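Comments concern the structure below.
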Amino acid sequence: MGVSEYKRVVIKLSGEALAGELGFGFSPDVIKSIAGEIKEVIDLGVEVALVVGGGNIWRGKIGAEMGMERANADYMGMLGTVMNALALQDSLENLGVPTRVQSSIVMTQVAEPYIRRKAVRHLEKARVVIFAAGTGNPYFSTDTTAALRAAEINADAILMAKNNVDGVYSADPKLDSEAVKYDTLTYLDVIQQGLQVMDSTASTLCMDNDIKLVVFNLSEPGNIKRAALGEKIGTVVRRDA
């Protein structure tokens, strides 16, 4: 079965990942597949928290095109992450994995409010905790949410699953044939080179709190488990070289 390198992790998923080839909305097969891979990590004895984006439901670009105020557009995105969290919760519980959704925006009919100590207690009881609604504040991405929650719950690492990208490159490999893939980086490298890993606020939070980041390809079956086992896949970002 293998032994995980980590005791507690935050798995960061993009909202677009839940849409699969549809590009928008939900792909039941993809959600079931992701839930199955997360269960494999749970079976290793790892405590798992999830942060999922909302890009399959709402994108800030749409709000900008509508002339919408940025704060309102961001709140709509946060609500999208709650829908994604509930979809993941249902798929995980169908596999027998106990799960709790904690929302940064209070909506007690569908989710617990985010309480750090309660989240830690759920993790200790082998429940998956899905952090929804971002930080509860506009102008912050779900990357920043993942970094913040990882720091708050003392996670050993953030496992960042990307769509069809197997790590961090010097440029977009789809646009630049000479783009170079990095095996390891420091957060300072990421910030200074402007690499598109996560936004600068999230990178700084991870660097200041010495949180390891593993960036890998979600499209490759079994990669979430491989990342949890510490296998050399994707790109590893650390505070120090």
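The figures follow:
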quantity	calculated
Extension gain from Thr186 to Asp90, taking 0.36 nm per residue of separation minus the Cα-Cα distance	30.9 nm
Dipole magnitude (debye, nearest 20) for the chain, charges at Cβ of Lys, Arg, Asp, Glu	720 debye
Formal net charge of residues neighbouring Val110 (Cβ-Cβ distance under 15 Å; K, R +1; D, E -1)	-2
Amide H contacts under 5 Å for Thr186, placed H, 5+ residues apart	Arg238
For the range 206-221, 3J(HN,Hα) per residue [Karplus equation, 6.51 cos²θ - 1.76 cosθ + 1.60, θ = phi - 60°, Hz, x = Gly/Pro]	5, 5, 5, 9, 6, 9, 6, 10, 10, 9, 8, 8, 5, 5, 8, x
The chain, relative contact order in percent, only Cα pairs under 8 angstrom and at least six apart counted	22 percent
Highest-fluctuation residue, Tyr139, Tyr187, Tyr114 considered, GNM on the chain with Cα pairs under 10 Å	Tyr139
Hz values of 3J(HN,Hα) by residue in the range 154-161 - Karplus curve (6.51, -1.76, 1.60), Gly and Pro given as x	6, 5, 6, 6, 10, 9, 9, 8
Residue among Glu65, Glu47, Glu231 with the largest mean-square fluctuation in a Gaussian network model of the chain, springs linking Cα atoms under 10 Å	Glu65
Amide hydrogen neighbours beyond the local backbone of Ser103, cut-off 5 Å, H modeled	Glu112, Tyr114, Ala132
Potential extension, Ala126-Asp176 segment - 0.36 nm per residue separation minus Cα distance	13.7 nm
Within a Gaussian network of the chain (alpha carbon springs, distance under 10 Å), most fluctuating of Val48, Val215, Val110	Val110
For the range 139-173 versus the range 21-76, the gap between their alpha-carbon centres in whole angstrom	13 Å
Per residue, the convex hull volume that the Cα atoms of the chain enclose (Å³)	126 Å³
Rounded FRET efficiency, nearest 0.05, which uses the C-beta distance separating Leu44 from Asp208 and R0 of 25 Å	0.30
For Lys162, residues with placed amide H under 5 Å, excluding near neighbours	Phe216, Asn217, Leu218
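Here, each number is a calculation from the coordinates, and none is a lab measurement. Treat the numbers as computed from the prediction; the structure is a model and nothing was measured. Glycine also receives a Cβ, built like all others from the backbone with ideal geometry; neighbour counts cover every protein chain displayed.
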